[in-house]
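Everything on this sheet refers to the single structure shown next.
The values are calculated or read from the model by the stated rules, or taken from the named source; none is laboratory data. These numbers were taken from a predicted model, which means no experiment stands behind them. Here the Cβ is made from the backbone with ideal geometry for all residues, glycine too, and neighbour counts use every protein chain on show. Just so you know, the surface numbers come from the protein's heavy atoms only, side chains and all, with ligands and any DNA or RNA stripped out. Shrake-Rupley method; radii C 1.70, N 1.55, O 1.52, S 1.80 Å.
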Amino acid sequence: MRPLRLDLAGFTAFRDATTVDFTDADFFALVGPTGSGKSSVLDAICFALYGTVPRWGGARGIANALAPSANEARVRLVFESAGARYVATRVVRRDGRGNVKTGNAGLQLMPPGFDVTKLDTGLTPDDLGEVVAGTPAEMEEAVLEAVGLPYEQFTSCVLLPQGQFADFLHAKPATRQQILVNLLGLGVYEEVQKLATARAGRSDAALAAVDRMLEGLTGIDDEALGAATDRVEAMRRLAGDVDAAVPELRQARTAATAVEARLDALDAELAELTRVRPPADL
């Protein structure tokens, strides 16, 4: 993430409208006496993105965003990330009861080649590009997608709070590793690892099934394979002979059925003849 321009009004030490232009700065240093607003510039960058600042103690300290006696604070940050330009805007207001709340928050994807200097001409929000997030609730996910870091990691390795410069160095190895994964975009390799692991698991299961099948084929050699091939060939010949004999068998069965019918008729006739008796005087 590279800041390009920061516009402030009514924010902490910057009661009047102020613009900080980073466009042509590869490196820069904020210098000045205590209370001149050096830290407020960094706070404004963090606040525009995440809606809070580490030294405020969380989102409940949002009242710290207002300059003394100011009722409204505006912060607008133009930054570049992964070749795209975004503009993040937040507005904080104090209501009639003295409560301070975020009145507006949004993130927009600026058109390619947008001239940042045009912001001085009074452009409306509709001129700044596609709306990626339009409410404070939508900002968290949208900023994470654009910057690539959640608030905790951003304030641990990009914008280190005062007095906490060594937190990243002293963090647990797992924490540092996750921060570096996000910074370097190494998450794609984690996805590749998951897919490769899943594919390897399926291949191992298939290999185990083949091994079990091969275990049941012990004692198989060329001689046994040749004998089995001969048996298969003999069975094929036998099957051919059976197929050829089936019609003859059917004809024989038909003829046998006809003969059985004739025999039944003869048996009936013989039964009638056995009942014939000659007269007694013959």
Report yes if some residue within region 49-65 is of a type in the set (Gly, Ala, Ser), touching a strand residue (DSSP E or B) at 6+ places or on another chain (Cβ under 6 Å) and closer than 19 Å to Pro150 by Cβ; otherwise report no.
-> no
Counted residues, region 59-68 - those being in contact (Cβ under 8 Å) with a residue 40 or more places away in the chain and either surrounded by fewer than 18 Cβ atoms within 10 Å (Cβ to Cβ) or under 13 Å from Asn99 (Cα atoms) (or both) = 5
Can Gly134 be described as more than 30 Å from Thr34 (Cα to Cα), in contact with a strand residue (DSSP E or B) (Cβ under 9 Å, 6 or more places away or on another chain), surrounded by fewer than 17 Cβ atoms within 10 Å (Cβ to Cβ) and modelled with pLDDT of 80 or more?
-> yes
Among residues of region 157-176, those that are of a type in the set (Gly, Ala, Ser), open to solvent by less than 50 Å² (accessible area, probe 1.4 Å) and modelled with pLDDT of 75 or more, counted | 1
Flagged in region 13-28 as in a loop (DSSP other than H, G, I, E, B) and free of Cβ contacts under 8 Å to residues at least 60 places away in the same chain, in numbering order, are Ala13, Arg15, Asp16, Ala17, Phe22, Asp24, Ala25, Asp26, Phe27, Phe28
Just a yes or no: is a residue in region 52-74 of a type in the set (Ser, Thr, Tyr), closer than 19 Å to Phe154 by Cα and not in a loop (DSSP other than H, G, I, E, B)?
-> no
Considering region 92-114, residues that are under 16 Å from Ser81 (Cα atoms) and exposed (fewer than 10 other Cβ atoms within 10 Å of the Cβ), and then whichever is modelled with the lowest pLDDT, we arrive at Gly113
Hey, among Thr89, Thr18, which residue is within 21 Å of Thr121 (Cβ to Cβ), more than 37 Å from the chain's Cα centre (by Cα) and open to solvent by 30 Å² or more (accessible area, probe 1.4 Å)?
-> Thr18
